[in-house]
Every structure is written in C-alpha cells, then in structure tokens.
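Okay, structure first, notes after.
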Amino acid sequence: QVQFVESGGGLVQPGGSLRLSCAASGSIFVIGTMGWHRQAPGKQRELVATISRAGSTNYADSVKGRVTITRTNAKNTVYLQMNSLKPEDTAVYYCNGVQYGQGYWGQGTQVTVSS
C-alpha cells in the first residue's frame, strides 16, 4: 500500500503564490506518473498537471503559464508551484501517483484564493 500526503494549502490573495507538496510513503518500489487534480465545490474533479518519472509534463489549459509541476524521485515527492492565483483556482487539490498500474490518491489540501 502507498500513501500520499499533501501539504502547503491555505488562504492566499488574488495574484499571490502557493507551493503544494505531496510525499509518498509505504510500499514504494517505482512510482510512475504523478500529478495534481483539483475539485471545486459543486464541480467535478479536474486535472491540473502531470509529470512522468522522466520529467515530461502536461498542464491543463486553465493553468498553463501560471503553474509548474516538479518532482524529486529520490524523495518520492511531487510539487506544484502556483503563481498569479485567481479566485477560480479555489478548490481542494489532490495529488496522485501510479505504481505498477495501481493508482493512489492523497486526501487533499484546500486552496482558497480570496481577498
């Protein structure tokens, strides 16, 4: 079993920045693609960004140019640097990862963008 734990969420003003972290622990062998998703109240969960083990990235159009996903394989950790935050970025952010075809999710961290 693999556990993912997110941190770094909080309240930020529009135009501000936040850095989310997500660390995996447990029965880890090789974690493949890792990513971040988000779910706003009353909306479906949506992809924010993904990163392969080799470092190839993919971003949702809504966050391109404002968000950067990175990872440290040695620490089994994935990060999400978010800049120029907007109120519509308010959501619970979830990290996930895949190991041997099995997907795992964290419990989520709340990000609120408000003045």
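What pairs can you find where one residue is in region 6-30 and free of Cβ contacts under 8 Å to residues at least 60 places away in the same chain and on the phi > 0 side of the Ramachandran plot, the other is in a loop (DSSP other than H, G, I, E, B) and open to solvent by less than 60 Å² (accessible area, probe 1.4 Å), and their Cβ atoms are less than 6 Å apart, with a gap of 6+ or different chains?
Matching pairs, first to second residue: none at all.
Can you name the number of the only condition in (1) on the phi > 0 side of the Ramachandran plot; (2) touching a residue at least 40 places away in the same chain (Cβ under 8 Å) that G42 fails?
Here G42 meets the rest and fails (2).
Going through T77, T109 one at a time, which residue ends up being in contact with a Ser or Thr (Cβ under 7 Å, 6 or more places away or on another chain), farther than 16 Å from I28 by Cα and not charged (D, E, K, R)?
Exactly one of T77, T109 is in contact with a Ser or Thr (Cβ under 7 Å, 6 or more places away or on another chain), farther than 16 Å from I28 by Cα and not charged (D, E, K, R), namely T109.
Yes or no: region 95-113 includes at least one residue that is assigned to a strand (DSSP E or B), touching a helix residue (DSSP H, G or I) at 6+ places or on another chain (Cβ under 6 Å) and either open to solvent by 40 Å² or more (accessible area, probe 1.4 Å) or in contact (Cβ under 8 Å) with a residue 40 or more places away in the chain (or both).
yes
When you look at D89, is it surrounded by 21 or more Cβ atoms within 10 Å (Cβ to Cβ) and either over 12 Å from the mean Cα position of the chain (by Cα) or acidic (D, E) (or both), yes or no?
Spelling it out, D89 is indeed surrounded by 21 or more Cβ atoms within 10 Å (Cβ to Cβ) and either over 12 Å from the mean Cα position of the chain (by Cα) or acidic (D, E) (or both).
The values are calculated or read from the model by the stated rules, or taken from the named source; none is laboratory data. Worth saying up front: this structure is predicted, and the values here are computed from it rather than measured. When we count neighbours, we look across all protein chains shown, and the Cβ atoms used for this are built from the backbone with ideal geometry, even at glycine. The protein model used for the area step is the full one, side chains on, heavy atoms only, and it has no ligands, DNA or RNA in it. Shrake-Rupley method; radii C 1.70, N 1.55, O 1.52, S 1.80 Å.
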